[in-house]
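Below you'll find the structure, written out as structure tokens, and then a few comments.
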Amino acid sequence: MINDIKKDAETRMKKSVDALKTELAKLRTGRAHPSLLEHISVEYYGSMVPLSQVGNISIDDARTLAISVWEKNMVQAVEKAIITSDLGLNPATSGTLLRIPMPLLTEERRRELTKVVRHEGEGAKVAVRNIRRDANNDLKELLKAKEISEDDERRGQDDIQKLTDRYIIEVDKVLETKEKDLMEI
């Protein structure tokens, strides 16, 4: 029972860190990365679909993304979706290929993005701590039901605290990497 609680807590903590990585991948650094465009939707025959379903997104060079649109009549819709997104990008069209140069980030914008990164990281840490709280509550329930001893509960709480510490450190590493990425020119 205690092992099940620990495994569940570890799985949920890992998912929290993965969710943080996914969110941070959407933040724009100076480099081109296909995940920047993942959240953009395009109108395709009356319904909104992800950009990746109407074309192939690739990296042209370190500062340029390329989108090869599969249908010629979708080029305008893709271009419009990118321009109206909140990313501030301006694609250059040539046939069915759109090239999107990544503008350099200003120092002020880099600092703003660093604050956003820290906020996301704090959210991930709170999620990990909430998982710890839930696991500890589960252990207390087992103790109340007299299914485990107080020593087992104490050991279980210590193990869960070690897990929490490990995942908090992992969140800090992810944040440090992203902040370093942002501040690079």
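Summary of values
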| item | result |
| --- | --- |
| Index of the failed condition, Leu24 passing every other in (1) assigned to a strand (DSSP E or B); (2) surrounded by 17 or more Cβ atoms within 10 Å (Cβ to Cβ) | (1) |
| Of residues in the range 156-185 being among the hydrophobic types (A, V, I, L, M, F, W, C) and surrounded by 12 or more Cβ atoms within 10 Å (Cβ to Cβ), the one farthest from Thr114 (Cα to Cα) | Ile160 |
| Residue identified as in a helix (DSSP H, G or I) and over 20 Å from Glu10 (Cβ atoms) among Leu105, Leu163, Leu113 | Leu113 |
| Boolean, Thr93 is part of a helix (DSSP H, G or I), out of contact with any Pro (no Cβ under 7 Å at 6 or more places or on another chain) and touching a residue at least 12 places away in the same chain (Cβ under 8 Å) | no |
| Residue match in the range 29-37 (condition: of a type in the set (A, V, I, L, M, F, W, C) and in contact with a strand residue (DSSP E or B) (Cβ under 6 Å, 6 or more places away or on another chain)) | yes |
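Per-residue answers, yes or no, for (1) closer than 30 Å to Glu153 by Cβ; (2) among the hydroxyl-bearing types (Ser, Thr, Tyr); (3) surrounded by fewer than 17 Cβ atoms within 10 Å (Cβ to Cβ); (4) outside the structural domain of Ile131 (by TED's automatic domain parsing):
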position: Lys14; (1), (2), (3), (4): yes, no, yes, no
position: Gly46; (1), (2), (3), (4): no, no, yes, yes
position: Gln53; (1), (2), (3), (4): no, no, yes, yes
position: Asp60; (1), (2), (3), (4): no, no, yes, yes
position: Glu71; (1), (2), (3), (4): no, no, yes, yes
position: Lys80; (1), (2), (3), (4): no, no, yes, yes
position: Ile83; (1), (2), (3), (4): no, no, yes, yes
position: Leu89; (1), (2), (3), (4): no, no, no, yes
position: Ser94; (1), (2), (3), (4): no, yes, yes, yes
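So that you can scan it fast, the table gives a plain yes or no per residue for (1) farther than 30 Å from Ile83 by Cβ; (2) at pLDDT 85 or above; (3) hydroxyl-bearing (Ser, Thr, Tyr):
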{"residue": "Lys115", "(1), (2), (3)": "no, yes, no"}
{"residue": "Val126", "(1), (2), (3)": "yes, yes, no"}
{"residue": "Lys140", "(1), (2), (3)": "yes, yes, no"}
{"residue": "Thr177", "(1), (2), (3)": "yes, yes, yes"}
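The values are calculated or read from the model by the stated rules, or taken from the named source; none is laboratory data. These figures come from a predicted structure and were not determined experimentally. Heads up, the Cβs are rebuilt from the backbone with ideal geometry, glycines too, and the neighbour counts pull from every protein chain shown.
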